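Notes follow once the structure below has been shown.
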Amino acid sequence: MTKKASVTISPKKSRREFIKKVKELSGQNLQLCYQCGMCTGNCPAAANMDVSPRRIIELARLGLEEEIAGSRTVWVCASCLACAVNCPRGFDLARVMEAIRLLTLRKNVDRVRPEDIPPQERGDLPQIAMVSGLRKLTG
Amino acid sequence: MSAKQTKKKSAATAVKHRAKETAATAVKEKKQIAARLIPIYIMGKRYEVPEGLTIMKAMEYAGYILIRGCGCRGGTCGACGTFYRKPGDYKLQVALACQKTVEPDMYIAQIPFFPANRAAYDFAGLTAAPEEVFKLYPELFRCVACNSCTKACPQGIEVMDAISALKQGNITVAAQLSFDCIQCGLCTSRCFGELAQYHMFQLARRIYGARIIPRAEHLAGIVKAVNEGKYDRFLDELKGTKEAELKKLYQEREIEPMAAGEDWKPKDSRYL
Amino acid sequence: MSLAYYPGCTLKTRARNLEEPAVASMEALGLKLDEVPRWNCCGAVYSLADDDLIHQVAPVRNLIRVKKQGKSELVTLCAFCLNTLKRANLLMKQDVAKRDTLNDFIDEGIDYGGEVKVLHLLEVLRDRIGWEALSRKVKLPLHGLRAAPYYGCTLLRPREIAIDNVENPTVLGDFLRALGAGPVDFPESTRCCGSYQVVSSPGDIAEYARPILNSALSHGAEALVLTCPLCDYNLGRGQKELIKKGSGFKEMPLIYFTQLLALALGLGPQACHFELNHGGPESLLKEKNLLPQTRSVQLIEG
């Protein structure tokens with residue numbers, strides 16, 4: 001939320017391709033959103049995000065891949081679905097977050113490397129944390 | 001790699017010597033087996049080989065000199081894991097090259113080695129806790145239960161079930177299920193989650209063997225007897241035996257039958 | 001009556017204090033939990049991408065094993081497992097094309113179409129046994145215990161698989177009331193504890209826990225009642241860090257709902273494995289006279 005609100009729309013070739021991929025992976029109609037901000041208001045992780053959940057939808061439908069890729073927001077999302085159940089438009093933002101994560105992870109770029117998790121933590125974390133974390137943050 | 005290239009690579013005399021032997025065996029086999037020739041494809045190239053040969057022997061017949069990807073030739077060392085397919089069948093098949101006989105139109109690729117992450121650890125510091133495995137192999141949790149590992153196991157191990165057991169913290173079940181693992185690495189080559197199952201299983205079996213199963217009570221007594229020199233006399237006897245006699249002794253040794261009961265004793269009880 | 005039962009990996013190690021009191025309690029209530037043969041990890045989180053079928057394989061394989069077991073209903077205790085299994089089941093029921101692809105890939109010789117019903121133990125208690133019948137079985141009512149039901153995310157979201165009303169769940173509160181405790185409702189009872197973010201950002205976990213614990217405390221709760229081993233871990237770890245930071249917190253005991261069930265049914269603390277709890281509830285329970293000297297304890301001491 002520290003980022004300025006101004007957005008530059010570039011006529012890059014990859015723009016439409018990015019929008020298409022996000023739509024395909026998420027199965028969501030990005031135009032449904034009317035930017036009310038219920039998602040951000042209900043997000044327990046919003047304080048840790050540099051781009052708010054609401055703005056992620058806006059950036060995604062403008063095809064601004066670089067702005068999204070440079071943000072930590074989708075990696076901070078815990079897929080708790082507070083956004084989804086509170087959306088007045090029936091839009092599932094969690095699926096869009098996942099789609100954007102996968103676009104990176106599928107390039108064989110991991111957000112977390114299992115070997116970088118300190119051994120003490122690996123032994124301490126419950127298995128469901130390790131399984132979920134590695135599913136959402138490694139490709 | 002073509003057979004020529006392979007030949008070039010084998011410079012060491014010992015290897016050459018072995019190559020000669022191998023070639024001789026192959027020639028001999030050519031003469032002996034007036035067998036039908038069947039077509040097989042080794043790494044995509046067609047060869048006609050006598051039916052009845054193992055994949056490994058067929059490769060040697062075709063001119064390959066195996067300096068890697070072959071070891072015990074008895075199905076236990078795990079060096080010759082092999083994938084093959086038959087035309088018209090999408091299924092990928094697995095075998096040990098030294099065990100499986102060739103079939104017409106087999107497409108064969110041996111996987112002598114597959115890169116796999118093996119954790120370094122000081123075993124003396126490990127306990128029997130499930131967390132030991134989690135700490136050394138955190139990628140364990142990337143398993144998606146696709147079952148490709150089980151399908152790739154030439155030993156018929158329920159690899160996925162053993163991985164499940166590790167995730168559930170059950171080292172005992174993982175060790176027992178993986179007991180027949182020969183570390184060929186075919187599971188690892190097929191893993192969606194990029195796990196090195198066979199290294200994890202080895203860790204499980206080590207922990208199981210050293211920390212979980214009860215000690216054999218009679219072992220301490222035997223070790224004591226060995227240390228006290230009870231068997232020195234017999235060993236000295238063997239040391240003084242000629243090679244031919246040793247071979248004969250070995251060939252004629254009495255083997256405990258598979259179905260022997262607890263009270264089984266060898267006929268020759270001098271060494272008991 | 002017997003139901004297929006899916007424990008989940010964590011319940012076999014760190015969260016035995018969630019599983020063992022449940023198994024003992026259900027037996028006491030005349031219901032046998034039959035562990036699914038050869039179950040594997042559920043996948044823990046449901047994959048949200050449309051084309052990502054490989055991550056549906058793990059939960060669906062488990063559901064197929066339930067069908068092979070000859071059972072039509074499956075009970076889970078872990079909120080994560082419930083969510084993943086129930087959502088994968090819904091996918092198998094609703095999406096014919098994906099169902100066929102998954103069945104072909106999994107290749108277990110059974111065509112699965114979502115016919116197993118996935119339940120959480122709380123649903124079994126509510127809908128099969130009933131609160132009234134349950135309260136009649138209570139031997140040690142949890143009188144005077146002001147416990148706050150904490151639902152977290154995965155029992156209630158998304159809407160299609162929720163075990164209760166998404167905005168205003170009551171099932172845990174009703175459960176506590178049936179055991180004689182006084183449930184304390186608080187507004188943050190469905191707020192996320194940080195979930196798997198603890199793997200990549202352990203430093204953020206305390207701040208996830210803070211509003212939840214603050215809200216429960218300010219509404220007069222003495223303990224939080226949980227259904228999920230990851231909530232237990234994150235809230236326990238978060239509150240330890242908050243206490244260390246000197247934020248004036250007193251440790252809030254964290255208790256699994258199944259531990260309270262076992263205590264109330266008179267099964268005693270030995271079924272509960274309190275030593276595994278992240279926020280230790282024993283002193284609170286002692287203070288409320290809810291930790292009786294049990295027969296086996298007396299035998300050991302005698």
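The values are calculated or read from the model by the stated rules, or taken from the named source; none is laboratory data. What you are looking at is a predicted structure, and each value in this text was computed from that prediction instead of being measured. All Cβ positions, glycine included, derive from the backbone under ideal geometry; neighbour counts span all protein chains shown.
Let me confirm something: among C:194, C:152, which residue is within 14 Å of another protein chain (Cβ to nearest Cβ) and within 27 Å of residue C:114 (Cα to Cα)? Let's see the steps before the verdict.
Values: C:194 fails: within 27 Å of residue C:114 (Cα to Cα).
Exactly one of C:194, C:152 is within 14 Å of another protein chain (Cβ to nearest Cβ) and within 27 Å of residue C:114 (Cα to Cα), namely C:152.
I need the full set of residues from the stretch A:87-97 which are facing chain C (nearest Cβ under 9 Å) and either without any contact (Cβ under 8 Å) to a residue 60 or more places away in the chain or under 29 Å from residue B:135 (Cβ atoms) (or both), in order please.
Those that are facing chain C (nearest Cβ under 9 Å) and either without any contact (Cβ under 8 Å) to a residue 60 or more places away in the chain or under 29 Å from residue B:135 (Cβ atoms) (or both): A:94, A:97.
Condition (residue is of a type in the set (Phe, Trp, Tyr), within 26 Å of residue C:126 (Cα to Cα) and either more than 14 Å from chain B (Cβ to nearest Cβ) or not in a loop (DSSP other than H, G, I, E, B) (or both)) applied to the stretch C:74-85: is it met by at least one residue? Break it down into steps so the answer makes sense when it comes.
Of the residues in the stretch C:74-85, the ones of a type in the set (Phe, Trp, Tyr) are C:80.
Filter once more, so that each one left must be within 26 Å of residue C:126 (Cα to Cα): C:80.
Next, from what is left, pick out any that are either more than 14 Å from chain B (Cβ to nearest Cβ) or not in a loop (DSSP other than H, G, I, E, B) (or both): C:80.
Scanning the stretch C:74-85 turns up at least one residue that is of a type in the set (Phe, Trp, Tyr), within 26 Å of residue C:126 (Cα to Cα) and either more than 14 Å from chain B (Cβ to nearest Cβ) or not in a loop (DSSP other than H, G, I, E, B) (or both).
Within the stretch C:33-53, how many residues turn out to be assigned to a helix (DSSP H, G or I) and either touching a strand residue (DSSP E or B) at 6+ places or on another chain (Cβ under 8 Å) or away from chain A (no Cβ under 14 Å) (or both)?
Restricting attention to the stretch C:33-53, the residues satisfying the condition of being assigned to a helix (DSSP H, G or I) are C:53.
Now restrict to residues that are either touching a strand residue (DSSP E or B) at 6+ places or on another chain (Cβ under 8 Å) or away from chain A (no Cβ under 14 Å) (or both): none.
Count: 0.
Give me the helices (runs of 4 or more DSSP H) completely within the stretch C:100-209, filtered to those with at least 1 residues that are in contact (Cβ under 8 Å) with a residue 60 or more places away in the chain, ordered by residue number. I'd like the intermediate steps shown before the answer.
On the way: elements: C:131-137, C:171-178, C:197-200.
Per the criteria, C:131-137, C:171-178.
Keeping to the stretch A:106-117, report how many residues are under 16 Å from the mean Cα position of the chain (by Cα) and facing chain C (nearest Cβ under 10 Å).
3
Quick test of your reading of the structure: residue C:178 fulfils all but one of (1) more than 14 Å from chain A (Cβ to nearest Cβ); (2) aliphatic (A, V, I, L, M); (3) more than 22 Å from residue C:125 (Cβ to Cβ). Name the failing condition by number.
Looking at each condition in turn, residue C:178 falls short on (3).
Taking the stretch B:154-188 as the search range and keeping residues that are out of contact with any Pro (no Cβ under 9 Å at 6 or more places or on another chain) and of a type in the set (S, T, N, Q), which one is nearest to residue A:114 (Cα to Cα)?
Among them, the one singled out is B:164.
Against the definition (within 14 Å of another protein chain (Cβ to nearest Cβ), surrounded by 24 or more Cβ atoms within 10 Å (Cβ to Cβ), of a type outside the set (Gly, Ala, Ser) and out of contact with any Ser or Thr (no Cβ under 6 Å at 6 or more places or on another chain)), how does residue C:233 come out, yes or no? If you could, list the steps in order and put the result at the bottom.
On the way: within 14 Å of another protein chain (Cβ to nearest Cβ): yes; surrounded by 24 or more Cβ atoms within 10 Å (Cβ to Cβ): yes; of a type outside the set (Gly, Ala, Ser): yes; out of contact with any Ser or Thr (no Cβ under 6 Å at 6 or more places or on another chain): yes.
Answer is yes for this residue.
Every residue, every condition in (1) more than 21 Å from residue C:19 (Cα to Cα); (2) buried (at least 21 other Cβ atoms within 10 Å of the Cβ), yes or no:
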position: C:66; (1), (2): no, yes
position: C:110; (1), (2): yes, no
position: C:113; (1), (2): yes, no
position: C:140; (1), (2): no, no
position: C:147; (1), (2): no, yes
position: C:154; (1), (2): no, yes
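Counting only residues that are buried (at least 19 other Cβ atoms within 10 Å of the Cβ) and within 10 Å of chain B (Cβ to nearest Cβ), how many does the stretch C:1-15 have? Full working, then the answer.
Of the residues in the stretch C:1-15, the ones buried (at least 19 other Cβ atoms within 10 Å of the Cβ) are C:3-11, C:13-15.
Next cut, within 10 Å of chain B (Cβ to nearest Cβ) only: C:7-11, C:13-14.
Adding up the residues that qualify gives 7.
For the stretch C:166-203, name all the residues that are under 18 Å from the mean Cα position of the chain (by Cα) and of a type in the set (Ser, Thr, Tyr).
C:170, C:189, C:190, C:195, C:196
Helices (runs of 4 or more DSSP H) wholly in the stretch B:103-202 with at least 2 residues that are crowded, with 19+ Cβ neighbours inside 10 Å and either at pLDDT below 95 or of a type in the set (Gly, Ala, Ser) (or both) - which ones?
Numbers: elements: B:131-136, B:148-151, B:159-167, B:171-177, B:186-190.
Correct list: B:159-167, B:171-177.
Could you give every pair whose Cβ atoms fall below 7 Å, whose first residue belongs to the stretch A:126-139 and is farther than 15 Å from residue C:201 by Cα, and whose second residue is part of a helix (DSSP H, G or I) and among the charged types (D, E, K, R), counting only separations of at least 6 or pairs across chains?
Hits for this filter: A:127/B:167.
May I ask you to list the residues in the stretch A:118-139 that are within 19 Å of the chain's Cα centre (by Cα), more than 7 Å from chain C (Cβ to nearest Cβ) and buried (at least 18 other Cβ atoms within 10 Å of the Cβ)?
Listed by number, the residues that qualify are A:134, A:138.
Given the conditions (1) without any contact (Cβ under 8 Å) to a residue 60 or more places away in the chain; (2) closer than 23 Å to residue C:227 by Cα, which single one is not true for residue C:76?
The single condition residue C:76 does not satisfy is (1).
Restricting attention to the stretch B:30-47, does a residue exist that is at pLDDT 95 or above, in a loop (DSSP other than H, G, I, E, B) and surrounded by 17 or more Cβ atoms within 10 Å (Cβ to Cβ)?
For the stretch B:30-47, residues at pLDDT 95 or above, in a loop (DSSP other than H, G, I, E, B) and surrounded by 17 or more Cβ atoms within 10 Å (Cβ to Cβ): absent.
Would you mention how many residues in the stretch A:98-110 are surrounded by fewer than 21 Cβ atoms within 10 Å (Cβ to Cβ), more than 20 Å from residue B:136 (Cα to Cα) and free of Cβ contacts under 8 Å to residues at least 40 places away in the same chain? Spell out the reasoning first.
Kept after step one, since they are surrounded by fewer than 21 Cβ atoms within 10 Å (Cβ to Cβ), are these residues of the stretch A:98-110: A:103-110.
Among the residues that remain, those that are also more than 20 Å from residue B:136 (Cα to Cα) are: A:103-109.
Then drop every residue that is not free of Cβ contacts under 8 Å to residues at least 40 places away in the same chain, which leaves A:104-109.
Qualifying residue count, the stretch A:98-110: 6.
So, in the stretch C:1-32, how many residues would count as being within 22 Å of residue C:127 (Cα to Cα) and in a loop (DSSP other than H, G, I, E, B)?
5
Can we say residue B:155 is away from chain A (no Cβ under 14 Å) and of a type in the set (S, T, N, Q)? Give the derivation first.
Working: away from chain A (no Cβ under 14 Å): yes; of a type in the set (S, T, N, Q): yes.
It is true that residue B:155 is away from chain A (no Cβ under 14 Å) and of a type in the set (S, T, N, Q).
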